[in-house]
1. Would you mind checking the radius of gyration and Dmax of segment 581-627 based on alpha-carbon positions, in Å?
2. Starting with the highest mean, order 474-482, 740-748, 527-535, 633-641 by the number of other Cβ atoms within 10 Å, averaged over the residues of each peptide.
3. From the helices alone, meaning DSSP H stretches of at least four residues, give me the mean residue ellipticity at 222 nm for the chain, per-run term -39500 (n - 2.57), in deg cm²/dmol to the nearest 500.
4. What distance in nm separates the simple spin-label points at residue 774 and residue 503, each placed 7 Å from Cα in the Cβ direction?
5. Rg/Rh for segment 42-141 to two decimals, with Rh computed the Kirkwood way over all alpha-carbon pairs.
6. Arranged by the count of other C-beta atoms within 10 angstrom, fewest first, what order do 20, 340, 272 take?
7. Treating each Cα of segment 228-292 as an identical point scatterer and ignoring solvent, apply the Debye formula and state log10 I(q)/I(0) at q = 0.16, 0.17, 0.21, 0.26 Å⁻¹.
8. Suppose the chain between residue 692 and residue 272 were pulled fully straight at 0.36 nm per residue; how much longer would it get relative to their current alpha carbon spacing?
Ligand code: MTE
Ligand code: HPA
Ligand code: MOS
């Protein structure tokens, strides 16, 4: 296409790359941003709550709802048998009932929805059901699932070369196991759906979701209707973090079923404890590894067998495991590898997407191994890391066959090593530790490489709708959803850039399935990449029409018309943008357009687990310094430095915010956030009283976050790179700094058996193990 903005002007004028504040920043801080629960309620609105299973695995034939029905304010109760369509809300494999039917598979599984006049009355009534459970044995851990060969999907395998032979030949070997815990999404706004019946079986569902189109499908199926009957709308979420990619479905379906039956609006807002008891989380992983290496520390063979806690159903566990397999390499070239992953079927919540989507779980295993190797060889782990990095022109093919063409990890790590004074601090810490028997300091610098795109190729598409109104204001609708990550701000910048107008002229409206159809989830960090491109496409079509019209009316060539500074430059004249729009309208020029984008160059063969699943890689590195009290296991992050490759950042202010947020969130995953189920399979850490997310006091006083100067090699939106998930892997550096400090207890001669989360208890256990082993050696 021949676009009219002359290159020199496009270069001089820009709406992208500026550190704009979030488009809703004022509304957020003033408490005026509308979340689903803030939407003014329609007259006649009722409130719902879910009745939950008390058993981890049991058959049941009837539910006695007498007391529920008799409870104050109750209007109706619906169970599986009342669902007009299909009793299913599973995203890929249809093994997720909306309401349990004869079989419960975890404590917290929904059995029914009760509808009452108020939220409190619904919740009170929900507890009064009597169920005769016929208990079955429950599988509660991924290791137990592995032992029982109980999986939600067939196990997967990716191999290159002959890892077993290379392992046997290797000069040195390390074998071990590792457990990395799961994580609750802990979005500040819980799950919520508000279903409003419309004429002729229509249903409007306003909800908090990362995936409006999927919610539309699920509601249509549950009600036995077509997609065109159902409209799903989401203005914003108070956080999603993957927890609202598929698992908003249950809440949408339950509220819509009740609303459909009663012909009244029904709101279902999860209480925090219910939310945590019902919904899936990040998968915990258990690993067995065997790695061979040479005297220098170069890895010559790597075998890993991972099993995740999928929970009772498949949900997104398959794609999560796939991403774990495709991120085991992280930044390292592994010639001979054998990577296996299985999704353990357990009688617990069905685990789901969480920022990083298996990527963090894949990559942390190889980092653990490298940490082992370094200690075994008496070397600095950073040197072992660098030695194993992907090459720029050779040793640059991933185990799944994608060539790494954009490798910047060498220069990125070199820059951070220098700016963080890594070597000097290493020496200073060694000195400190030599003179400090109880408090031990630790330091670690860890790299990240993260593939951007959905592994499933067809999901990499997006649409947008751009309207230019006669007054020159611009309304954008795109298929992405706003969860605080700033997608709307970035898309507005892209549209303002194309039309050459002030940012203030552009507004984004709520995501709405009746405006843009068949959207993908806002996930895999691709939201701005995909929807920015789609909105750019729409805006360009309008701009092209305006340029053609301007040249016809005012002379000159359409190709010479320029849009910049909120002005249209045509044939030596300067016309205000609204003025040209007004003229174009009168001349009957179409002033709105759709736009579409499909990421090129992607392919993936799930059978062989090979292909080109990613559009490009985002890179980063972080260095963390901690101090650990070896008598109590308490610790503090003293300082953290981060360098992240956001390409040509669309918005450095938002991107730095994303990096900081992901870093702290990932630190919580690896340190304080511990999910704990009792012997009966009940999640006991189902509230902030027992589940510890990081607080402001856990953030390092010295926290230096910078963006690495780079330009995406791939033709991404304005050559930017995604930022949503990859920085979640940066706090590996915190975990390995803790492990480094614990190792100091044994003079760095013993590999501390530290699992994640490295809670104070876990740290103390590792300290004791190191002391015992060091004493044994001596
Ligand atoms: N940032 C905020 N503030 N809230 C969120 O829920 N979700 C993360 C990340 N950053 C999230 C967030 C996840 S899991 C993803 S996949 C991306 O944002 C999605 O948005 P994007 O693709 O537009 O970056
Ligand atoms: N990330 C997030 N969600 C997804 C993915 C992914 O890679 N694949 C399918 N759903
Ligand atoms: Mo993010 S886990 O891909 O929603």
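What follows draws every value from the coordinates through simple rules; no lab data is involved. Fair warning: this is a prediction, and the values are worked out from it, not measured in the lab. Methodologically, a virtual Cβ is constructed for each residue, glycine included, from the backbone with ideal geometry; neighbour enumeration extends over all protein chains shown.
1. So, for segment 581-627, Rg and Dmax equal 23.4, 70 Å respectively.
2. On the way: 474-482: 26.7, 740-748: 23.6, 527-535: 30.6, 633-641: 20.0.
Descending mean neighbour count gives 527-535, 474-482, 740-748, 633-641.
3. Working: 20 runs with 232 residues, N = 778.
It lands at -9000 deg cm²/dmol.
4. According to this spin-label approximation, the distance is 5.2 nm.
5. On the way: Rg = 14.2 Å, Rh = 14.2 Å.
Ratio value, two decimals: 1.00.
6. Working: 20 21, 340 17, 272 14.
With the sparsest Cβ surroundings first, the list reads 272, 340, 20.
7. -0.69, -0.76, -1.04, -1.33
8. On the way: separation 420, 0.36 × 420 = 151.20 nm, distance 1.41 nm.
Net length gain for the segment: 149.8 nm.
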